[in-house]
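Worksheet: the structure to be examined is printed underneath.
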Amino acid sequence: MAEATGIKDILKPENLVYNKTKIMTDNVLSYCPGCGHGTAHRILAEIIGEEGLQSQTIGVSPVGCSVLLYNYLDIDWQEAAHGRAPAVATAIKRLLPDKFVFTYQGDGDLAAIGTAETIHSCNRGENILIIFINNGIYGMTGGQMAPTTISGMKTSTSPYGRDVKLMGNPLKITDIVATLPGTYYVTRQSVHTPANVRKTKKAMRKAVQYQKLNKGTCFIEIVSNCPSGWKMTPVLSNKWMEENMFPFYPLGDIKVPEEKSAQ
Amino acid sequence: MAKIRGSIVVNIDRCKGCEVCMVSCPTGTIAMAKEVNHKGYYYAYPANPDLCIGCASCAMVCPDGVITVYKTKI
Ligand SMILES: Cc1ncc(C[n+]2csc(CCOP(=O)(O)OP(=O)(O)O)c2C)c(N)n1
Ligand code: SF4
Ligand code: SF4
Ligand code: SF4
Ligand SMILES: [Mg+2]
């Protein structure tokens, strides 16, 4: 019996357990091989689909490698100038309070040029979700050092590694926004293993549900890789990330809603 | 005795050969092809299809979302 079951018998519609969500368009992603941006997009797309939010979602896309994000998820979009996504999202959410509004931003976008927008929208407690892809580098423009570049990390503008005495300390902006009264849920995750993908998906579902409560900003950092900027193979970049990024950017919830933490 | 059997389909033309799926597969089902696709990447394929348990680990980590997973009890 078992021997008789061939691949053809398994490849039947009723046996389908995982397929690319319809929220993702058929456009080919512009990312380098193994880049976490694609995985992060898909998790977000799955959540939007599973929560039935396709027609109610407005995303604000950034400047950075994910600048073309609006081509990849079949929802409504607004492109923002570099770093300004939370300001644009603020306006959209205030004008259309029934919509689910999120931003998706890299670390150069969110923690360098857009630091003011990030901090003030979180401090005001805008009822948006901010998704922050931290790969510790300006991926799009050629792998320059970012505020998030960790100590000793080599980039095209810190070729001998970031020397914090000369170049300043890396910025944990997620920990900063967690201290602000306007943030409701703040977490740091990754998308490089199946277990981490599951956790990120769970965090995203929570954030989407918290959004409906209008109790403040939800903020999800995803510590991610940049194989091209880091000059590593995708598999090695993920290993390097575990060994070097996670000790400085530990994964897990940073701020959870009070009624939850009281339990 | 019921046994779980899985199978994957890789959209070879869209695979970027990153190998992230291969190292995430708990059963050693996936290997990289010795030939390249039309983009020039050594694409992933189920080299040992009988080992697949349909856990979808590979599909979950594939940045390009090019893996479809099937699973059945036999
Ligand atoms: C006003 C302005 N300043 C600078 C740039 C150049 N620029 C484009 S993307 C980028 C940084 C992107 O880095 P990040 O946000 O970390 O995204 P990643 O590519 O790493 O995902 C910069 C500085 C720009 N496009 N606009
Ligand atoms: S440059 Fe880095 S962040 Fe940009 S697509 Fe390539 S790997 Fe991803
Ligand atoms: S479904 Fe699971 S067992 Fe099958 S190839 Fe993918 S990771 Fe391996
Ligand atoms: S993870 Fe996806 S893109 Fe990367 S090698 Fe596997 S199938 Fe190809
Ligand atoms: Mg970056």
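Some observations on this one:
- Anisotropy class of chain A from Cα gyration tensor, a/c 1.5 cut: oblate
- A simple rule links phi to the HN-Hα coupling: the Karplus curve 6.51 cos²θ - 1.76 cosθ + 1.60 with θ = phi - 60°, which for the range A:48-55 gives 4, x, 5, 8, x, 10, 3, 7 Hz, with x for Gly and Pro.
- Taking θ as phi - 60° and the Karplus parameters 6.51, -1.76 and 1.60, the scalar couplings of the range A:187-202 work out to 9, 10, 9, 8, 10, 9, 10, x, 5, 5, 4, 4, 5, 5, 5, 4 Hz in sequence order, x denoting glycine and proline.
- Sequence-separation-based contact order of chain A, relative, with Cα cut under 8 Å and 6+ spacing, percent: 18 percent
- For chain B, Cys with no neighbouring Cys Cβ under 4.7 Å: B:C15, B:C18, B:C25, B:C52, B:C55, B:C62
- Ascending count of other beta-carbon atoms within 10 Å, so fewest first, for A:L180, A:L95, A:L129, A:L213: A:L95, A:L213, A:L180, A:L129
- Out-of-range pairs (alpha-carbon distance over 18 Å; input A:K8/B:K39; A:K22/A:K206; B:K39/B:K71; A:K12/B:K73; A:K199/B:K73): A:K8/B:K39; A:K22/A:K206; B:K39/B:K71; A:K199/B:K73
- Contact order relative to length of the range A:83-173, as percent, for alpha carbon pairs under 8 angstrom and 6 or more apart: 24 percent
- Relative exposure of A:T115, A:T174, judged by other C-beta atoms within 10 Å (fewest first): A:T115, A:T174
- Percent antiparallel among DSSP beta bridges (both partners in the range A:30-262, rounded to 5): 20 percent
- Close amide H partners of A:T183, meaning residues 5 or more places away or on another chain with modelled amide H under 5 Å apart, are A:T217.
- Whole-number percent relative contact order across the range B:4-73, with pairs defined as alpha carbons under 8 Å at least 6 apart: 46 percent
- Close amide-amide hydrogen proximity is noted between A:I254 and A:V186, A:T187, A:R188, each under 5 Å apart and 5 or more residues distant or on a separate chain (H modeled in the peptide plane; Pro and chain starts excluded).
- For the residues A:D253, A:D74, A:D98, a GNM of chain A with alpha-carbon springs under 10 Å puts the largest fluctuation on A:D98.
- Karplus (6.51, -1.76, 1.60) ³J(HN,Hα), θ = phi - 60°, over the range A:10-22, in Hz, Gly and Pro reported as x: 7, 7, 10, x, 5, 9, 5, 10, 8, 9, 4, 5, 5
- Shape call, chain B: gyration tensor on alpha carbons, a/c limit 1.5: prolate
- When the Gaussian network model of chain A links Cα atoms closer than 10 Å, the mean-square fluctuations of A:F219, A:F246, A:F102 top out at A:F246.
- Stokes-Einstein diffusion of the range A:145-263 at 10 °C, 1.306 mPa s viscosity, Kirkwood radius from Cα pairs, rounded to a whole number: 101 µm²/s.
- 12 Å beta-carbon shell around A:R84, net charge (K/R +1, D/E -1): -3
- A Gaussian network model of chain A, with springs between Cα atoms under 10 Å, assigns the largest mean-square fluctuation among A:N169, A:N238, A:N123 to A:N169.
- Placed amide H near A:I222: partners under 5 Å, 5+ positions off or other chain: A:F132, A:I133, A:N134, A:Q189
- The range A:25-127: C-alpha gyration tensor shape, a/c 1.5 cut-off, then a/b vs b/c: oblate
- Debye, to nearest 20: dipole size of the range B:4-73, +1 on Lys, Arg Cβ, -1 on Asp, Glu Cβ: 160 debye
FYI, it's all coordinate maths here, none of it is from the lab. Just so it is clear, the structure is predicted and the values come from calculations on it, not from any experiment. Cβ: placed from backbone, ideal geometry, glycine included. Neighbour counts: every protein chain shown.
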